[in-house]
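Colleague: There's a structure below that I have some questions on.
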Amino acid sequence: MDTSEVIKIEGLRKSFGSLAVLKDISFSVQRGEVVAVIGPSGSGKSTLLRCVNHLELVEAGSIRISDSVMVKDGVYAHADILRSACLKTGLVFQNFNLFPHFSVLRNITEAQVRVLRRKPAQAKERAMSLLEKMGLVDKAASYPCELSGGQQQRVCIARALALDPEVLFFDEPTSALDPELTGEILKVIRKLAEEKMTMVIVTHEMAFARDVADRALFMDGGRFVEEGGAAELLDNPQQERTKAFLRRFGGQ
Amino acid sequence: MAKMLGIMFEGMTVSLEVFFLTLLFALPLALPAAFGRMSKNWALRKLVTLYLLVMRGTPLILQLIFIYFAPKYFFRLLFESFSGFIESEGFWNSLRFLLSWDRFTAVIIAFVLNYAAYFAEIYRGGIEAIPRGQYEAAKVLGFTGSQTFVRIILPQVLKRILPAAANEIITLVKDTALAQVIGVAELFHAAQNASAREFSTLPIFVAGVFYFFMNWAVSYALTRCEKKLSYYS
Ligand SMILES: Nc1ncnc2c1ncn2[C@@H]1O[C@H](COP(=O)(O)OP(=O)(O)O)[C@@H](O)[C@H]1O
Ligand SMILES: [Mg+2]
């Protein structure tokens, strides 16, 4: 088993009723790598992320996360292994999904204490250092409803990072934000990339993807149509479908 | 006058007992009922739906009468049909004991079954109103199913259902007056008796004042709870 690959996915298939959404998806992510996933809406990007984070069940294929085999040829592992596999990944949602009844601090400490069984003081220390990194120390006692979208998204990132995942997934982290707020999120992700955090980012921010990602995958109709270095793929796409998509996004 | 007040005070105690015992049993019982109503198990879901329909679709006063008298008729039916075959007196006595609850017990059973049905629908509405993203965030963070429900979902449900639950609780205060139809001497019953004896409407008025203040206290307590939960939206 090659553990320099944090994520290894082979032959993934998923459908909703008669609608095939993922058709034979395979890819892997190296430790420390930043991968951008681009593609038109409805192409299955969210579904792929949800399958890897065990929010949807796949019908066929294999998913390995670090040293935990979550699914092998469509057969899911035992619940304990699934849980430990899930704890190795983190997911940042498009619409944050913070817990509205918890303060910012408690949003970040709750899972550390209840799931990882960290001591409250230790969890708080970790949360405060993450909040400092996110520039939100002064918001620790606030409630999510008192924050801007950009601040909520940074809390969501801190909440995921607090559990020390080996890989962090982002599903269009800036799509729910006002344009002037996307910059602060992209800055945080860029900082994480510099620290060699392994990340898979679904995004429509092409300039950002070109800049921060090592590799880019273009997804269309439930398949990866093209894959390559981020700059090469975005500046010089080979496939017609990639070209057409990027033209629409003004990337070309 | 003093005697009248004494009787009414006793009636008031009974009304308060009905009120608190109903809440004590109905509020928790409604939770499994709400889950049953949302269950994936077809038979369970239909069964609970039928229970909710009957409880919410027929008058409480009718349910009170039915729950008090039906077991007694049922016992007589059994006794008349089978006493020829089973002659053991002990058997029939214990069966009679099982099937004849006193008036007050019947009132509590009827109120609990009825109010649990209303609370169950309120809980269900509250639970279904929680966005799916909350469950998904909890799952991705590794919370177990019960941790998710107790720590993430339930507190948010409580906040959402409080206004609707408050309405039901205020109705319950007034509904306690129905207990008199099977002869339980609650406040309204006492007031009517006193009023007939004294040729005066004063006792009725006193009872009205009591219900009013009782509900004023209930509203006050529930508004306090709502305020306490208003630290987020
Ligand atoms: N829970 C679901 N039930 C039925 N269809 C779904 C569900 N989730 C997604 N889909 C469908 O799957 C397809 C891919 O969706 P999605 O993965 O969200 O695409 P993307 O994130 O690339 O926009 C879409 O056609 C969508 O309508
Ligand atoms: Mg999507």
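Colleague: Which residue is nearest to A:Lys133 (Cα to Cα), if the candidates are limited to the stretch A:175-204 and must be hydroxyl-bearing (Ser, Thr, Tyr) and open to solvent by 10 Å² or more (accessible area, probe 1.4 Å)?
Modeller: Result: A:Thr182.
Colleague: Let me ask something else about it. For the stretch A:32-53, what are the residues that are more than 10 Å from ligand 1 (Cβ to nearest atom) and over 13 Å from the mean Cα position of the chain (by Cα)?
Modeller: Selection gives A:Gly32 alone.
Colleague: Moving to a separate point now. Being β-branched (Val, Ile, Thr), part of a helix (DSSP H, G or I) and touching a Leu at 6+ places or on another chain (Cβ under 9 Å) is the filter here; which residues of the stretch A:96-145 pass it?
Modeller: Within the stretch A:96-145, A:Val104, A:Ile108, A:Val137 meet the criteria.
Colleague: Of the conditions (1) more than 13 Å from chain A (Cβ to nearest Cβ); (2) over 26 Å from B:Ile61 (Cβ atoms); (3) out of contact with any Phe, Trp or Tyr (no Cβ under 8 Å at 6 or more places or on another chain), B:Tyr118 satisfies every one except a single condition; which number is it?
Modeller: Here B:Tyr118 meets the rest and fails (2).
Colleague: Kindly indicate which of B:Tyr51, B:Tyr73 is assigned to a helix (DSSP H, G or I), open to solvent by 80 Å² or more (accessible area, probe 1.4 Å) and among the hydroxyl-bearing types (Ser, Thr, Tyr).
Modeller: The match here is B:Tyr73.
Colleague: Here is a further query. With the checklist (1) open to solvent by 10 Å² or more (accessible area, probe 1.4 Å); (2) away from ligand 2 (no atom under 16 Å from the Cβ) in hand, flag the one item A:Ile63 doesn't pass.
Modeller: Result: A:Ile63 passes all but (1).
This table checks each residue for (1) basic (Lys, Arg); (2) at pLDDT below 95; (3) part of a loop (DSSP other than H, G, I, E, B).
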residue	(1), (2), (3)
A:Ser175	no, yes, yes
A:Glu180	no, yes, no
A:Gly183	no, yes, no
A:Leu192	no, no, no
A:Met197	no, no, yes
A:His204	no, yes, yes
A:Phe208	no, yes, no
A:Phe218	no, no, no
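Colleague: What number goes with the only condition from (1) of a type outside the set (A, V, I, L, M, F, W, C); (2) at pLDDT below 95; (3) assigned to a strand (DSSP E or B) that A:Asp2 does not pass?
Modeller: (3)
Colleague: Scan the stretch B:87-98 and give yes if some residue there is at pLDDT below 95, out of contact with any strand residue (DSSP E or B) (no Cβ under 7 Å at 6 or more places or on another chain) and not in a helix (DSSP H, G or I), otherwise no.
Modeller: yes
Colleague: Go over the candidates A:Arg190, A:Arg223, A:Arg210 one by one and state the one that is among the basic types (Lys, Arg) and in contact with a strand residue (DSSP E or B) (Cβ under 7 Å, 6 or more places away or on another chain).
Modeller: Of the residues listed, the single one that is among the basic types (Lys, Arg) and in contact with a strand residue (DSSP E or B) (Cβ under 7 Å, 6 or more places away or on another chain) is A:Arg223.
Colleague: Could you list, in sequence order, the residues of the stretch A:27-49 that are open to solvent by 20 Å² or more (accessible area, probe 1.4 Å) and touching a residue at least 40 places away in the same chain (Cβ under 8 Å)?
Modeller: The answer is A:Gln30, A:Arg31, A:Glu33, A:Pro40, A:Ser46.
Colleague: Of all residues in the stretch A:150-173, count the ones that are more than 16 Å from ligand 2 (Cβ to nearest atom), in a strand (DSSP E or B) and within 12 Å of another protein chain (Cβ to nearest Cβ).
Modeller: The number of residues fulfilling the criteria is 1.
Colleague: Any residue at all in the stretch A:87-106 that is more than 11 Å from chain B (Cβ to nearest Cβ) and not small (Gly, Ala, Ser)?
Modeller: Looking for residues that are more than 11 Å from chain B (Cβ to nearest Cβ) and not small (Gly, Ala, Ser), one finds at least one in the stretch A:87-106, hence yes.
Colleague: Just checking, does the stretch A:8-19 include any residue being at pLDDT 95 or above, in contact with a helix residue (DSSP H, G or I) (Cβ under 7 Å, 6 or more places away or on another chain) and within 12 Å of ligand 1 (Cβ to nearest atom)?
Modeller: Looking for residues that are at pLDDT 95 or above, in contact with a helix residue (DSSP H, G or I) (Cβ under 7 Å, 6 or more places away or on another chain) and within 12 Å of ligand 1 (Cβ to nearest atom), one finds at least one in the stretch A:8-19, hence yes.
Colleague: Which pairs do you get when a residue that is of a type in the set (Gly, Ala, Ser), found in the stretch A:159-171, comes within reach of a residue that is open to solvent by less than 10 Å² (accessible area, probe 1.4 Å) and within 16 Å of ligand 2 (Cβ to nearest atom), reach meaning Cβ atoms under 9 angstrom, with the pair 6+ apart or on two chains?
Modeller: Pairs found: A:Ala160/A:Val92; A:Ala160/A:Phe169.
The values are calculated or read from the model by the stated rules, or taken from the named source; none is laboratory data. All values derive from a computational prediction rather than experimental measurement. As a convention, Cβ positions derive from the backbone with ideal geometry for all residues, glycine included, and neighbour counts pool all protein chains shown. Accessible surface areas use protein heavy atoms only, side chains included; no ligands, DNA or RNA. Shrake-Rupley method; radii C 1.70, N 1.55, O 1.52, S 1.80 Å.
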